[in-house]
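Asks: My structure is below; once you've seen it, I'll send some questions.
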4 protein chains.
Amino acid sequence: MSENKNNANSANIAILGASGYTGVEAIRLLANNYNYNIIGLTADSKAGKSILEVYPHLNVMNLPDLKKIEDINFSQVDAVISCLPHGKTQKILSDIPKHIKVCDLSADFRFDDIYMYEKVYDKKHEARKLQEEVIYGLTEINRVKIKNARFVSNPGCYPTSALLPILPLIDNNIIQYGNIVVDSKSGVSGAGRTLKENLLFGEVSDSFSAYGLVNHRHRPEIQSQIDKIGSTEYKVLFTPHLLPIKRGILSTIYLNINDKFNLDDVVNCLKDKYSEEKFVHYSETLPSTHDVRGTNICKMKAVFDPITNKIIIISVIDNLIKGASGQAIQNLNLMMGFKEAEGLINFPMFP
Amino acid sequence: MSENKNNANSANIAILGASGYTGVEAIRLLANNYNYNIIGLTADSKAGKSILEVYPHLNVMNLPDLKKIEDINFSQVDAVISCLPHGKTQKILSDIPKHIKVCDLSADFRFDDIYMYEKVYDKKHEARKLQEEVIYGLTEINRVKIKNARFVSNPGCYPTSALLPILPLIDNNIIQYGNIVVDSKSGVSGAGRTLKENLLFGEVSDSFSAYGLVNHRHRPEIQSQIDKIGSTEYKVLFTPHLLPIKRGILSTIYLNINDKFNLDDVVNCLKDKYSEEKFVHYSETLPSTHDVRGTNICKMKAVFDPITNKIIIISVIDNLIKGASGQAIQNLNLMMGFKEAEGLINFPMFP
Amino acid sequence: MSENKNNANSANIAILGASGYTGVEAIRLLANNYNYNIIGLTADSKAGKSILEVYPHLNVMNLPDLKKIEDINFSQVDAVISCLPHGKTQKILSDIPKHIKVCDLSADFRFDDIYMYEKVYDKKHEARKLQEEVIYGLTEINRVKIKNARFVSNPGCYPTSALLPILPLIDNNIIQYGNIVVDSKSGVSGAGRTLKENLLFGEVSDSFSAYGLVNHRHRPEIQSQIDKIGSTEYKVLFTPHLLPIKRGILSTIYLNINDKFNLDDVVNCLKDKYSEEKFVHYSETLPSTHDVRGTNICKMKAVFDPITNKIIIISVIDNLIKGASGQAIQNLNLMMGFKEAEGLINFPMFP
Amino acid sequence: MSENKNNANSANIAILGASGYTGVEAIRLLANNYNYNIIGLTADSKAGKSILEVYPHLNVMNLPDLKKIEDINFSQVDAVISCLPHGKTQKILSDIPKHIKVCDLSADFRFDDIYMYEKVYDKKHEARKLQEEVIYGLTEINRVKIKNARFVSNPGCYPTSALLPILPLIDNNIIQYGNIVVDSKSGVSGAGRTLKENLLFGEVSDSFSAYGLVNHRHRPEIQSQIDKIGSTEYKVLFTPHLLPIKRGILSTIYLNINDKFNLDDVVNCLKDKYSEEKFVHYSETLPSTHDVRGTNICKMKAVFDPITNKIIIISVIDNLIKGASGQAIQNLNLMMGFKEAEGLINFPMFP
């Protein structure tokens, strides 16, 4: 991994906020991708340190030391993956030169509707101008726009797992107006490398709990994407839970379909939409988080219940890859004109 | 623990099928209960062995060796906890002398309606006469009947977690007719000490999956109890998931309430119903499986969502205690005229 | 658990530093012990809060709110369990009235030799006078002294697991002079409820590592107890490791025995020493941490290797019980004149 | 991953015993390796099935169905990785055509000394002739011989973790004659996908135990490799333990060095030996199993204890990769004339 990447068309990339879980996952995924040279890593509180002091397992790669953002020479940078914290990203990314392609993993640019953003996050939007050009980076849904984008806002991990199965069904008018219940379960890495008592091994291990009922911020994010493609007649209810696993989201989605449709229509709609996709698969068996761990893949399967007339969809992703850094690189690949799947093809590690 | 229990009124108890997880949990819970003397333990395939060969951790107690059922002298037995497998229990328990109080943990006697049983389990009911006297052992709901019962069928673990919050709300006509979605997550001990690939540590650890969608046998069990107390206008949808934890069930329940009610009515209904209960608690905070692990306690909390008008209830139990052997002893305590909570009061071990 | 304990001889107990893992474990263990009334709980940073805000699972018991130490009325207190941090305990416990029996779980009083303490902990001893009366609370070794003690210093968790098998063998001159290698593995709760990155679920789960090689402070603690009973010719080498489990220590001990002894002598020595003990057992099978989880029990087994002439001893405890709060209560029971095992008899929860 | 590998020099490979953990790991590691085409997968009991029925997560790759060994057309096969069970491999691999390069992961060919094999495994060696040409596949030690070998016997997982640090020190006469204590801890995948009670999640999770004391078969394997390079004056003592993790071995090694050497000599010896290696690294920090999970890397670090004069070495590997399928491919790469590291370079997944 210490070889130079002598790819003539390779891009120089900087990762902002490189010391968190999504940052280090971006580094890992870029390590074997010959299209990118990592030339900058930032981490404000750890500036000056080697990334190896923070993550000793990275010692098999030549990586630049951690810097402050202001010490990055952005004139040499072609692409940025930003893993900066929610609420602090708008200002910083507004100041980055416009020749740079940006994929942002924070929640700061996920709402087209600035009013909605300000309501949900209870703070003033600090990059209103920039927001106008932002594309929501759910790759398989917005691929064409992403190809032409300069600035992509990467979806939240929960929304990725929910929207990939829901949006095609709404787009084809299969889902009945009314409630869509999304009961989601996520591994701890979704909360980042955060020092909180409820993320300690002693508290998480051998336990399970729900949190953020009704009010979780990924709910309006899901809703706003549904509103855009469908109708405001859909009402999403979202319940997140914390799993004692490191990676993985499984969403169990309950919805009703319009009278003229049946399970076959649901299955065919999803298969048609995703049959050519490398990273989204309709699964014949019920997918487990294990099946996608370590990959950029989303798997889904739908079942019909004749008693309640409900469709139940199970959808799984690795929250740090398709739910974060993997989808970011997939988007950047498109934005940079590289092969979309470059550096993202691999199997889950099992067991 | 080697002391004799010199309680004049103590009962002689036999545990049938003692070598599984629910059997060994019954032994553990009875160990400090001065009302019972364990005088018989059966395990067909391991008959003749000491229970210590199967569970070395039990070596601090004097326990009888494992026997075949036919080698138990039932004339000396006052009470039986039966942990025999589903489908094999009806015949065996039909033959046990009628002076013995029985609490059965299998699914064999959970349906009053024999036709329903035969449909769900796809086999002929082999104890039709006995079925007529069986009481469904959801203690806080059927306490009076259980006190006078000779034969109690212990509820399934998932049904216990779902019915305790749902039944009082139905009984008070608070829940709207229509769908009730029960999205449940259970630790592996719910599947018993079974040699299956999907229960190996290598497969379960760091993973999460759904199973038994639409068709799980606990669904008609929940439905039949709702039908009995309420109306067949309620339609339960039940989705179980396998958690990488040893013990614990958390059910997330989605339902609608009738127009004249609000969240306060839901909360007050549950508080009223359970305020005097030692083992069922309405919780002010969102309960975790951790909060009840190792105890006979069920905790629940309700939340209202103004956008979808849905009530969401989180309910947690330890599947091996309130969901199995603990509730069995609670029921037996009532049936034998002992204090209901005897031997069942303790804290969860934390962490 | 809300009943008053109407035991005429019951003692009023205060737990100092009640909001950590050892504090909350002491509360749990005292809950069913009719000898003690918990009348004070302290936690400086959380003073004024209910303990339920810190540990919601304690809601089934009536407990006093958390206070500052200076707000405890010590004139009404008969006994204290101190779970205060290392280095801060000496000063505080020096000021407590002398009618109170104290069991201290910190490392502050574990060295008779003040010079040794100051060297190991690199700080001045602040309670030299008090140190003189301190008894090292390894119950099965120092029982008589503990009975008559006013102030007991509870052993470290690792030392408990190592010394219980080693000391009787040294006392009987079975172990050869020279090296004793103690390779220990501990669950995370040994580190307390501490906000450190290396204790996060994401870092600990599915991982294993050694730490504190050569220099861990439990090494001189083990050494000093061996010196006292045996000879300075023994040299202990101690290597701790961090297990991805919540509770439990397993120590693998390698030692040589003198020529005239064999494995039978080792086994008989340990059996003789502990045959009457309720909490220390020689095991016929290799013990697992699972076998003692949730109990005050230490299990050990010795094996002989004819090729290297080494004895290998496996010893297991629950670090929070026999390694901390359980042994503390066992000691207090003796100091107060209660039955030694009161409130400490129970089975491990399995699975 | 469905692309054809149009590498003119690519080799056709068959994996025998493909349905176990080492088999499926070999498949995963070969998936992105353009040197090999997987043209045969065998699994006797599952012959006729698609590998996807056994491992649904493999559905992103075109793989041949599982066959019986006798249904493989070996004339088209260039290389074999054999993951067949211990004791059954000798006979089968004797019958494979001699043009095929073989790397065997069983224990059947790990002893040059047939008498020793028969003693340790208590069965007759059934491939005495073949044994003569076998090379022990510890790559960094036997690289030259492996390059020229037709048949390589892959080391056991524990021996790999122990021998990589020990052998260079012996080769340089640094280690004193006498005992070398290897205290090893392994994740469950080392036991394979075996249906045993002690490998169930309910038993392994939150637990830790030792097993196979004194008599584990990896002990004579380690000893025999030391004997070959050094002297029979070294006596290895080996104690394995079962960790509640999926992958990873950490060995803690205790040894004495000759008087004229010190820690620097140990460190320099290991650094000199491995400085040019891609997969064996001397680490400046104490390595965790996490640091090598998912990689073919072994990390080690040595520490000196002035009190006992012992050197302590911590060594970590991923038991399924450097301890099994990864090292097998590393060996095959050499045997086939490919780049040694091809397809094996990657980062650990963190967290």
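Asks: Efficiency by 1/(1 + (r/R0)^6): what FRET value for B:Ser94 and A:Asn215, r their Cβ-Cβ distance, R0 = 60 Å, to the nearest 0.05?
Replies: Once the sixth-power term is evaluated, E becomes 0.65.
Asks: In nanometres, what is the gap between the two model label sites at A:Asp171 and D:Ala47, each 7 Å from Cα along Cα-to-Cβ?
Replies: Taking the simple label geometry, A:Asp171 and D:Ala47 are separated by 4.7 nm.
Asks: Of A:Lys246/C:Lys196; B:Lys68/B:Lys88; B:Lys101/C:Lys278, which ones are farther than 22 Å apart at the Cα? Can you show the working numbers first?
Replies: Details: A:Lys246/C:Lys196 17 Å; B:Lys68/B:Lys88 14 Å; B:Lys101/C:Lys278 34 Å.
Those over the limit are B:Lys101/C:Lys278.
Asks: Per 5 Å bin from zero, what fraction in whole % of the C-alpha pairs of region B:158-319 is there, up to the bin with the longest pair?
Replies: In whole percents, the pair-distance histogram is 2, 9, 18, 21, 20, 15, 8, 4, 2, 0, 0.
Asks: Heavy atoms only, 1.4 Å probe, whole protein assembly: order D:Arg110, A:Arg143 by accessible area, highest first.
Replies: Sorted descending by solvent-accessible area, the residues read A:Arg143, D:Arg110.
Asks: Evaluate peptide C:238-249: per residue, the Cβ atoms of other protein chains within 10 Å of its Cβ; return the mean as an integer.
Replies: 6
Asks: With a 10 Å cut-off between alpha carbons and a GNM built on chain D, which of D:Val267, D:Val144, D:Val77 moves the most?
Replies: D:Val144
Asks: Name the residues whose placed amide hydrogens come within less than 5 Å of the amide hydrogen of A:Tyr136, ignoring near sequence neighbours (fewer than 5 apart) on the same chain.
Replies: HN-HN under 5 Å from A:Tyr136: A:Ser153.
Asks: Then there is this: When chain D is modelled as a GNM with alpha-carbon springs shorter than 10 Å, which of D:Leu66, D:Leu195, D:Leu16 fluctuates the most?
Replies: Result for chain D, Cα springs under 10 Å: D:Leu195 fluctuates most.
Asks: Label A:Lys196 and D:Ile307 with points 7 Å out from Cα along Cα→Cβ: what is the distance between them in nm?
Replies: With each label placed 7 Å out from Cα toward Cβ, I get 4.2 nm.
Asks: Across peptide C:261-270, how many C-beta atoms of other chains are within 10 Å of each residue C-beta, on average?
Replies: Average neighbour count from other chains, rounded to a whole number: 0.
Asks: From Cα pairs below 8 angstrom and at least 6 apart in sequence, can you work out the relative contact order of region D:158-319, rounded to a whole percent?
Replies: Values: 322 pairs, mean separation 49.3, N = 162.
Relative contact order here is 30 percent.
Asks: Please sort by residue number the trypsin sites (Lys or Arg not before Pro) in region D:49-97 whose DSSP state is loop and whose Cβ has at most 15 other Cβ atoms within 10 Å. If you can, show how the numbers build up before the last one.
Replies: Numbers: sites: D:Lys49, D:Lys67, D:Lys68, D:Lys88, D:Lys91; in loops: D:Lys49, D:Lys68, D:Lys88.
Hits after loop and neighbour filter: D:Lys49, D:Lys68, D:Lys88.
Asks: Ok, one more. Can you list residues whose amide H is under 5 Å from D:Tyr36's amide H, if they're 5+ apart or on another chain and H is modeled 1.01 Å from N?
Replies: Hits under the 5 Å cutoff: D:Ala11.
Asks: I've got another one for you. Could you derive backbone 3J(HN,Hα) for region A:280-295 from the dihedral phi with the Karplus parameters 6.51, -1.76 and 1.60 (θ = phi - 60°), listing whole Hz in sequence and x where the residue is Gly or Pro?
Replies: Result, ordered by residue: 10, 10, 7, 10, 7, 10, 5, x, 10, 4, 4, 5, 10, 4, x, 10 Hz.
Asks: Most mobile of B:Ser75, B:Ser106, B:Ser19 per a Gaussian network model of chain B (Cα springs, under 10 Å)?
Replies: B:Ser75
Asks: Averaged over B:297-310, how many beta carbons belonging to a partner chain fall within 10 Å of each residue's beta carbon?
Replies: 4
Asks: Per DSSP H run of n ≥ 4, the term is -39500 (n - 2.57); total these for chain C, divide by its residue number, and report the mean residue ellipticity at 222 nm rounded to 500 deg cm²/dmol.
Replies: -7500 deg cm²/dmol
Asks: Let me ask another. In whole Hz, what ³J(HN,Hα) sequence does region C:150-156 give by Karplus (6.51, -1.76, 1.60; θ = phi - 60°), x for Gly and Pro?
Replies: For region C:150-156, the Karplus curve yields 9, 9, 10, 9, 6, x, x Hz.
Asks: Also: Could you pull out every residue, at least 5 positions away or on a different chain, whose amide H is within less than 5 Å of the one on C:Val102? Hs are placed 1.01 Å off N in the peptide plane, and Pro or chain starts have none.
Replies: C:Val80, C:Phe151, C:Val152
Asks: So which trypsin sites (Lys or Arg not before Pro) in region A:241-322 are both in a DSSP loop and have at most 16 other Cβ atoms within 10 Å of their Cβ?
Replies: Qualifying residues, ordered by number: A:Lys260.
Asks: While we're here: I'd like the distance between the alpha-carbon centres of region D:288-303 and region A:126-143, rounded to an integer number of Å.
Replies: The distance from the Cα centre of region D:288-303 to that of region A:126-143 comes to 41 Å.
Asks: Give the residue list of GluC sites (Glu not before Pro) in region C:1-103 that are DSSP loop and have at most 15 other beta-carbon atoms within 10 angstrom. Don't skip to the end; give the middle numbers.
Replies: Numbers: sites: C:Glu3, C:Glu25, C:Glu53, C:Glu70; in loops: C:Glu3.
Listed in order of number, the matching sites are C:Glu3.
Asks: What accessible area per residue comes out for the protein assembly as shown, rounded to a whole number of Å², with a 1.4 Å probe? Before the final figure, lay out each step's value.
Replies: Details: 48470 Å² over 1404 residues.
On a per-residue basis, the protein assembly as shown sits at 35 Å².
Asks: Please state the relative contact order of chain C as a whole percent: Cα pairs under 8 Å, 6+ residues apart?
Replies: The value is 17 percent.
Asks: Something else now. At 7 Å along Cα-to-Cβ for each site, give me the label-to-label distance between D:Leu263 and C:Asp71 in nm.
Replies: Computed distance between label sites D:Leu263 and C:Asp71 equals 4.8 nm.
The values are calculated or read from the model by the stated rules, or taken from the named source; none is laboratory data. Note that the structure is predicted; figures quoted are calculated from it, not measured. Cβ atoms come from the backbone with ideal geometry, glycine included; neighbour counts cover every protein chain shown. Remember, those area values only see protein heavy atoms, side chains included, never the ligands or the DNA or RNA. Shrake-Rupley method; radii C 1.70, N 1.55, O 1.52, S 1.80 Å.
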